[in-house]
Each structure stands twice: as C-alpha cells, then as structure tokens.
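In what follows, a structure is listed as structure tokens, so that the remarks can point back to it.
Values in this text are rule-based calculations from the coordinates and carry no lab data. Quick caveat: nothing in here was measured; it's all calculated off a predicted structure. Using ideal geometry, Cβ is built from the backbone for each residue, glycine included, and neighbour counts are taken over all protein chains shown.
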C-alpha cells in the first residue's frame, strides 16, 4: 500500500474517533465507518456488521460491550430532521468489521491494521501494514500449494512427489540453491517451512509460480511427476527472470522475522484490544440512554 494512501486514510480514520463523555472510551459510529470503508449502501455494510457480531459471539465476548445500537437525528432538509439507526463501535468491533469486510478494498486493508493496535502513530501503522501484507502473502501461498497438492494427486503424484516438485521449483527460483541450501543460508530451523522466513516479495513470487502451475496442469491436462515437475520448474525460472530483470535476486535477500512469532504477536494484540475498550453498560447524556 502506497505511503500517500496510508497518510490519507490515517487522517480520515482519526477524524472519525469519538469519546464517551466521562468514561474516556473511544468509539466510532457505524454510519461514519461505512463511508470510510468504501461502502455506498447501509444495507451492504450492515451485512458486514452482522458477520462481525457473529465473530464476536464466537470468541465468547459480550456483544453489547462492543456493539451498541443507538438512534441519531440527521437533517434531511431546511430545519427538518429524522431519526436513523446507528451503532456505536469499539476499537475491537471495528477490527472485527474490517476482518469481515471486502479484502479487495484498500480501506479495509488499512482498517485491519488501524484498529488492531492501540497506538495510532503512523510509522507503527505502516510497519504493521507491511506485516499484514506478508501474512496475507503467506496464506495465499499455503492455499495455492494445497490446491496444487490436491490437483496433482489426482494426476498420479503422491505427497512425496509433491515435495520433490516443490523443491525443484525452489531450486529454479533461487538460482540453483535448493530448499535445504536456502534454509541453511537463512538460518531456518530444520522442521520449519522456508516460506515462513522469506520476505513478502519472495513469498509472492513462489505463489505466482505455483498459481501458474496449477492453471497449466489443468489447462494442458498434465499427468505424472516428470511433466508436472518440468512445468513447475519452467514457471519458477520465468518468475525468477522477471525478478532479476528488476534487480531482485531472491537468494540474496535477507531473512525476515519468523511468521509464527508474528502471528502470536497479532493474537496478543487482539487480546489487548479487547481489554479496557468496552462501552459502559449505561451511557449518560440523554440521547444514548
């Protein structure tokens, strides 16, 4: 995500924060968040909120502590007002909404990070967005490799064969360095996947090659380990060529922090987010009671 967009979204989301009088608890109005997250229709956004509420219930958290129905008066003409439904949302509620939103929207990707951390300092948000992008790239690679494994199993390749195919693909991508050689080079523990220690660009490269293999195996009706191996090797070579032309040699990039540790950090952040962000049981100020 470009820094200019992060700055723009950061300012927009900051402008929407509200504070419960006398309680020093932050919250956001759903109607405001709807616009910020790029949803034109309240009905569509309400569906996302319902999914978020279900997620909240699944975790065993009290829904009413984080989602509070309210009514607001809005102007519809000269001196004319009418009441509309709205929802007060805690940081945790907003986080769940972002997690259940359309991941293709830049606003959703930003919100997943913005609401996941207690601080709203821009540099920390930028760092967290990079982390989130790496986690998402790793998840996509897992999904494409799982799909390939299932796909080629039906075409005469067992689990051991899939491992050999993937390893030869790595050798092609890393300029002749095998999977084990790269693990040794980057200091990856023996029983951990290499991809958990790769930078985002390399994970994405592996995923692209795997996706192309998946497509061509089905498109060209390939059978047997030799044919599928050749396809996967050629795809990794093509992806490597593209990277090298742009000045990137995957085998020379430094390792990144263990993704398992980062995932634990994300879960810890989520637990911290819930603490102390609950809405008061009864709000003062008349219109919220």
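For the residue pair residue 146 and residue 5, what label-to-label distance in nm results when each label sits 7 Å from Cα along the Cα-to-beta-carbon direction?
2.7 nm
What order do you get for 218-224, 156-162 when each peptide is scored by the mean count of other beta carbon atoms within 10 Å, highest first?
156-162, 218-224
For the chain, what does -39500 (n - 2.57) per DSSP helix run (n ≥ 4), summed and divided by total residues, give at 222 nm, in deg cm²/dmol to the nearest 500?
-19000 deg cm²/dmol
Sequence gap at least 6, Cα distance under 8 Å: using those rules, report the relative contact order of the chain to the nearest whole percent.
Once divided by the residue count of the chain, the mean separation gives 20 percent.
Enter the per residue convex hull volume of the chain, computed from alpha-carbon coordinates, in Å³ rounded to the nearest integer.
Output value, Cα hull per residue: 173 Å³.
Report, to the nearest 10°, how far helix 3-14 tilts away from the longest principal axis of the Cα atoms in the chain, using its own Cα long axis and a range of 0 to 90°.
30 degrees
What do you get for the angle between helix 122-153 and the principal long axis of the chain? Use alpha-carbon atoms, 0 to 90 degrees, nearest ten.
Here the helix axis deviates by roughly 50 degrees.
What Rg and what Dmax come out for the stretch 132-256 when only alpha-carbon atoms are used, in angstroms?
Taking only Cα atoms of the stretch 132-256, I get Rg and Dmax of 13.7, 38 Å.
What do you get for the angle between helix 225-245 and the principal long axis of the chain? Use alpha-carbon atoms, 0 to 90 degrees, nearest ten.
70 degrees
Please compute the modelled spin-label separation between residue 246 and residue 81, points set 7 Å along Cα→Cβ, answer in nm with one decimal.
Using points 7 Å along Cα→Cβ, the separation is 5.3 nm.
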